[in-house]
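Structure record follows, encoded as C-alpha cells.
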Amino acid sequence: MCLAIPARIEQITGADMAIVNLGGVRKEISLALVDDIAVGDYVIVHVGYALQKLDRDEADRTLALFAEVQMLENDPF
C-alpha cells in the first residue's frame with residue numbers, strides 16, 4: 001500500500017525542488033513530475049516527489065480526515 005500526503009509548498013528552492021510543510025515538518029521534495037507550481041500551492045507527496053497539484057479544498061478535506069484518524073487512534077476508548 002502506498003500513502004501520498006497533501007503538502008503546502010512553502011518555498012521554491014531551485015530547479016524542480018521545493019520545501020513543503022507536512023504537518024509541521026518541513027521537507028525538501030522534487031517537483032520534477034509536476035508543472036506550474038507556486039508557493040502556497042498544495043501537492044500530493046510520495047517518497048519525496050510531488051505527484052500532482054491539489055486544490056486547497058481537497059487538501060483541507062484530506063488533512064482533516066488524517067487528523068480525525070489520528071484522534072481516533074489516540075482515543076483510549
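The values are calculated or read from the model by the stated rules, or taken from the named source; none is laboratory data. The shown structure was predicted, so the numbers you read here are calculated from the model rather than taken from an experiment. In this analysis, Cβ positions are derived from the backbone assuming ideal geometry, glycine residues included, and neighbour counts consider all displayed protein chains.
Taken over the stretch 49-59, residues that are surrounded by 12 or more Cβ atoms within 10 Å (Cβ to Cβ) and either over 10 Å from LEU33 (Cβ atoms) or touching a Lys or Arg at 6+ places or on another chain (Cβ under 7 Å) (or both) amount to 5. Residues of the stretch 26-48 that are β-branched (Val, Ile, Thr) and surrounded by 15 or more Cβ atoms within 10 Å (Cβ to Cβ): ILE29, VAL34, ILE37, VAL43, ILE44, VAL45. Applying the criterion of being assigned to a strand (DSSP E or B) and at pLDDT 95 or above to the residues of the stretch 28-42, the residue that is farthest from ALA67 (Cα to Cα) is SER30. Flag not set for LEU63, criterion: under 13 Å from the mean Cα position of the chain (by Cα), modelled with pLDDT under 85 and either part of a loop (DSSP other than H, G, I, E, B) or charged (D, E, K, R) (or both). Of everything in the stretch 1-25 that's of a type in the set (D, E, K, R) and part of a strand (DSSP E or B), which residue is surrounded by the most Cβ atoms within 10 Å (Cβ to Cβ)? So, considering only residues that are of a type in the set (D, E, K, R) and part of a strand (DSSP E or B), the one surrounded by the most Cβ atoms within 10 Å (Cβ to Cβ) is ARG8.
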